[in-house]
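Novice: My questions will all concern the structure given below.
FYI, it's all coordinate maths here, none of it is from the lab. As the structure is a prediction and not an experimental result, all values here were calculated from the model.
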Ligand SMILES: Cc1cc2nc3c(=O)[nH]c(=O)nc-3n(C[C@H](O)[C@H](O)[C@H](O)COP(=O)(O)OP(=O)(O)OC[C@H]3O[C@@H](n4cnc5c(N)ncnc54)[C@H](O)[C@@H]3O)c2cc1C
């Protein structure tokens, strides 16, 4: 029997936020993309507290700003910490940083099953061939170059697909990284997390009611994430020395950790743990931090948790997954569509990605020193970013999406584009009331108008700025005006 082999420009393994973001950005540049996801969505995942760079930067690029706004997620204006030598909880707001414009100074706390499903459906909507319940089993290589995958579908039937590029976005359980290099574990961050879901937990008074709350205690720290008015995600992150305690049962261990942390005990005093449905179990994840020795080899690139992972205290996981997805997709778009050099593009991808990971890593190493107060943490953030901002601003910039906020596409500062769109929508609503019969035609017309206005605005605002943009690394690349590709820096010599 002749085997059926399918051909694509890119195969993406995994449909989490990393995979669906990369696949969508590639498809938006007319590449043929196959995304293989092992599970049937919506599926459970941990990682519920997001950052502004993801919501306003990546969300906008993916065309999801409105859908995310309407999804009913809790708005997160910042974070509250009982941390370090200060016994009193302290709060930061995203609005403190000038890198974030006021209307965008928030992120969301999300049920990942819903959030990831929105991103995956959007990928399919934008032209990606999305196949759920398809598990990748092997990679194919030719002359040392990755060139395809072998997979099994929902009925156990084997399949093969070849591609110019394979993106591994299959998360922390990925085995594909072995083809790229060694996974190097941190000696410093060796924690495990025990987590569950509670109803009727207390909320901080507005406007901090959507904040993430992180509270340190003797054996580690807790996250407390409001997912709706009623539901809270609660997790204890403890050093591996305390893993023994789990042997007596998860329920008992969780009760012990909660009782050891006065702030969390107080917040949960009138709450009960959910014991049914998808949120009904206590789960454990070893969250050892790691980074792969390399992030790419010819034909194959790692993004998201497949490439690296860092302790979750600043909710950087989904941000790193989607930011690396943008960088990888930009690289592949430039190679396939513009004929740019593979090494040059992927070196740019890897350098930018590592820089972002390293910023969080360096800062977190200092943040775990519980003998300091918040001012000393803020100083450290400024040093890590090598920034001239005030120490508070530097801290907020870092924890809102780190140095990637200096990437124009993630700059959470595109107020005038949004304003034009809003104005056009208002126009649409007003006219619709008076002329309902023309609503359809008008909608189509307005869609085109909005698209054109947005494009012009993007070129005018971002493009004009981009003229002055410098590469982040000596001799490096900069993003194209539309943000979908890399471009060389144009050197203008005197007299031109
Ligand atoms: C305890 C803990 C708390 C965290 N809290 C936060 C937080 O508050 N905020 C935050 O941003 N991040 C947090 N994270 C990190 C976050 O969970 C991850 O960084 C994020 O989910 C990574 O996204 P991804 O797309 O790389 O991978 P994933 O979300 O893991 O997606 C990978 C997908 O690949 C699929 N897959 C796997 N193998 C295959 C295969 N062979 N074939 C096909 N498909 C496959 C999986 O089914 C999955 O859907 C936390 C992590 C931990 C451990």
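Novice: Distance from the Cα centre of the range 145-196 to that of the range 285-303, in angstrom?
Specialist: Centre-to-centre (Cα) distance: 9 Å.
Novice: A further question on this structure: Starting from the Cα-Cα distance between residue 284 and residue 40, subtract it from 0.36 nm times their residue separation and give me the gain in nm to one decimal. Can you show the working numbers first?
Specialist: Details: separation 244, 0.36 × 244 = 87.84 nm, distance 2.18 nm.
Result for the pair: 85.7 nm of gain on full extension.
Novice: Along each of its three principal axes, how wide is the spread of alpha-carbon positions in the range 166-304, in whole angstrom units, largest first?
Specialist: Principal axes ranked by extent give 55, 34, 28 Å for the Cα atoms.
Novice: Something else now. What Kirkwood hydrodynamic radius, in Å, does the range 1-107 give when the mean of 1/r is taken over all pairs of distinct Cα atoms and then inverted?
Specialist: Here the Kirkwood hydrodynamic radius works out to 17.0 Å.
Novice: Distances over 15 Å make up what percent of all Cα-Cα pairs in the range 231-271?
Specialist: Values: 342 of 820 pairs.
Cα-Cα pairs of the range 231-271 separated by over 15 Å account for 42 percent.
Novice: Then there is this: Any idea what the relative contact order of the range 104-176 is, in percent, if you count C-alpha pairs under 8 Å spaced at least 6 apart? Numbers along the way, then the final one.
Specialist: On the way: 67 pairs, mean separation 13.1, N = 73.
Dividing the mean separation by the residue count of the range 104-176 yields 18 percent.
Novice: Here is a further query. So for the range 189-253, averaging the separation of alpha carbon pairs under 8 Å that are six or more residues apart and normalising by length, what relative contact order in percent results?
Specialist: Values: 101 pairs, mean separation 23.9, N = 65.
Relative contact order, the range 189-253: 37 percent.
Novice: Report the percentage of all Cα-Cα pairs in the range 294-401 whose separation exceeds 17 Å, rounded to a whole percent. Can you show the working numbers first?
Specialist: Details: 3255 of 5778 pairs.
Within the range 294-401, distances greater than 17 Å cover 56 percent of Cα pairs.
Novice: Need the C-alpha centroid separation for the range 75-129 versus the range 370-386, integer Å.
Specialist: 21 Å
Novice: Right, another one. Under 8 Å for C-alpha pairs, at least 6 residues apart: give me the relative contact order for the range 42-185, rounded to a whole percent.
Specialist: Details: 160 pairs, mean separation 26.2, N = 144.
Value for the range 42-185: 18 percent.
Novice: Further, regarding this structure: More than 23 Å apart: what percent of Cα pairs in the range 68-171 qualify?
Specialist: Details: 3022 of 5356 pairs.
When all Cα pairs of the range 68-171 are counted, 56 percent exceed 23 Å.
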